[in-house]
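Okay, so here's the structure we're looking at.
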């Protein structure tokens, strides 16, 4: 198994395994996510992640690239809590600018912005497991120098699990991992694309609720 595959397996297992632990603690711990993440609450913060390319078996190229990503974000809770038992939660919409610095033989930069939809699980007290999915637009000077891509304008797709821990009623620590895909959607002559795993850590604050 590759390093990327190991990261994905460990973090997904941890995300699933932490849910019962959160449930066991949810009756006695405060702050409570239900009182913090209400409809209209505004959250701002950021994260730093390690982007590592991996290859699907069907992919023809053999490049392996690495990058550090910086991802500030701001978002708002847009729904009331949806009752689904243990999976009860609400939706947030986030705007996430990002910058990535690639260093692996051929250095380069990427910058863009993504719109992210995030589902928060609210049944676990100060612990908030979540899943998000995003789509974005970016520019990178890796192209046309790399075989995978010939266009400097690209699109980004991303999704994955994470968890937030509310240390106070206004501040949370975040850990997560995403599958991250970069490609030009066929607008360039070459479009093999870049697929990566992106583990990240960050902090956020509730600005208004």
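The values are calculated or read from the model by the stated rules, or taken from the named source; none is laboratory data. What you see is a predicted model, and the numbers here were worked out from it, not measured in a lab. We place every Cβ from the backbone using ideal geometry, glycine too, and count neighbours over all the protein chains shown.
Here are some notes:
- Criterion applied to 198, 175 was being surrounded by fewer than 21 Cβ atoms within 10 Å (Cβ to Cβ), in a strand (DSSP E or B) and either free of Cβ contacts under 8 Å to residues at least 60 places away in the same chain or out of contact with any helix residue (DSSP H, G or I) (no Cβ under 6 Å at 6 or more places or on another chain) (or both), and the one residue passing it is 175.
- Restricting the range 5-56 to residues that are assigned to a helix (DSSP H, G or I) and at pLDDT 80 or above, the residue that is surrounded by the fewest Cβ atoms within 10 Å (Cβ to Cβ): 35
- Residues satisfying the stated conditions in the range 87-124, i.e. modelled with pLDDT of 95 or more and not in a strand (DSSP E or B): 87, 88, 122, 123, 124
- Residue in the range 125-146 that is modelled with the lowest pLDDT, counting only those that are buried (at least 16 other Cβ atoms within 10 Å of the Cβ) and assigned to a loop (DSSP other than H, G, I, E, B): 146
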